[in-house]
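For reference, the structure discussed in these notes is given below.
The values are calculated or read from the model by the stated rules, or taken from the named source; none is laboratory data. What you are looking at is a predicted structure, and each value in this text was computed from that prediction instead of being measured. Counting neighbours? That spans all protein chains shown, and the Cβs are built from the backbone with ideal geometry, glycine included. Surface areas here come from the heavy atoms of the whole protein model, side chains and all, with no ligands, DNA or RNA. Shrake-Rupley method; radii C 1.70, N 1.55, O 1.52, S 1.80 Å.
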Amino acid sequence: MSPPPKNQIELIDPSQIYRPEEAFDEYNREKTKLISRTNKDQEDFRNYEENLNTDAVRKTYTLMHTYQTMDFVKDKIAKWGSLSQTRMPVMEAIFMLDAFIDESDPDTDLPNSIHAFQTAERIRETHPDKDWFHLVGLLHDLGKVLALWGEPQWAVVGDTFPVGCKFSSKIVFADTFINNPDNLHPNYTSKYGIYGANCGLDNVTMSWGHDEYMYRVLKGNNCTIPEEGLYMIRYHSFYPWHCSGEYNYLCNDHDKEMLPWVLEFNKFDLYSKSDGLPDVDAIRPYYEGLIAKYCPGELQW
């Protein structure tokens, strides 16, 4: 088999259930210049049962799973999808996240701005020839600025999932969907709900949060990040799909082609959270150059 083009990664069988520990093993920490800050093992990540903040995390997910309904998501798309909040450059938005810590994340207590640079630097180390991928690492959580504009964290952070069909038991804290009104809606309680088999994720309404919002910001501003990068941003929190193999019955062939990119991104997003703190002042000029290349000027938010 000939090697993939430089702008691609080796595709894997999308029917294979992704195991985060396998991705961790594929990544050779010996080669990275970053130093572990917490010395966490791979099995310690996304451990919701043995975390000191489990109660707080569960509370966030309980609110999310109670109030994220189809009607709620439609309202948020109408409100934020118009990109009429403000205009500002990307780097300004990144440093706004100095003031934000994700209540749903059991793996880090650092501001999201730090996590953005951690993720980007890990990707840069392993994929030095894919500058757009480095930028995706920096931007992937930038939609969390919604929480700084008044949205509650349960409407911004955490794992995403489809609305309009039955909630999967593989969603984290799945028992907290018990009071979601969509459980009583006659069209939303079956396996496929309002969707058709293999309709494609682009035709599926996902729970509202930073993934979908940032995807819409980049698309709405005609940013030139490749489709693979936009796909990573839009679905990187869709853990029931890319981590547990759920909802494959809604995916079309294009989703299956894009899945390896989401998996490749996930190992950098997840395991970079225990890395040493990056020297932001030293690396900032490099990322400013990437922003100027792919997302120049002031964006509409």
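So here's what we get for this one:
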{"item": "Residue list for region 115-139, filter: over 18 Å from Pro285 (Cβ atoms), in a helix (DSSP H, G or I) and open to solvent by 20 Å² or more (accessible area, probe 1.4 Å)", "result": "Thr126"}
{"item": "Tally of residues being in a helix (DSSP H, G or I), open to solvent by 10 Å² or more (accessible area, probe 1.4 Å) and closer than 25 Å to Asp182 by Cβ across region 204-220", "result": "3"}
{"item": "Residues (under 20 Å from the mean Cα position of the chain (by Cα) and among the hydroxyl-bearing types (Ser, Thr, Tyr)) located in region 68-100", "result": "Thr69"}
{"item": "Close pairs from region 205-217: first of a type in the set (S, T, N, Q), partner assigned to a helix (DSSP H, G or I), Cβ under 7 Å, at least 6 apart", "result": "Thr205/Met70; Thr205/Val73; Ser207/Val73"}
{"item": "Residue among Asn203, Asn183 that alone is more than 18 Å from Ser237 (Cβ to Cβ) and more than 22 Å from the chain's Cα centre (by Cα)", "result": "Asn183"}
{"item": "Matching residues in region 140-186 - criterion: being surrounded by fewer than 16 Cβ atoms within 10 Å (Cβ to Cβ), assigned to a helix (DSSP H, G or I) and not charged (D, E, K, R)", "result": "Leu148, Trp149, Ala174, Ile178, Asn179, Pro181, Asn183, Leu184"}
{"item": "Region 92-107 residues that are over 20 Å from Trp301 (Cα atoms) and aromatic (Phe, Trp, Tyr), paired with ones that are at pLDDT below 80 and surrounded by fewer than 20 Cβ atoms within 10 Å (Cβ to Cβ) (beta carbon under 7 Å, 6 or more apart)", "result": "none"}
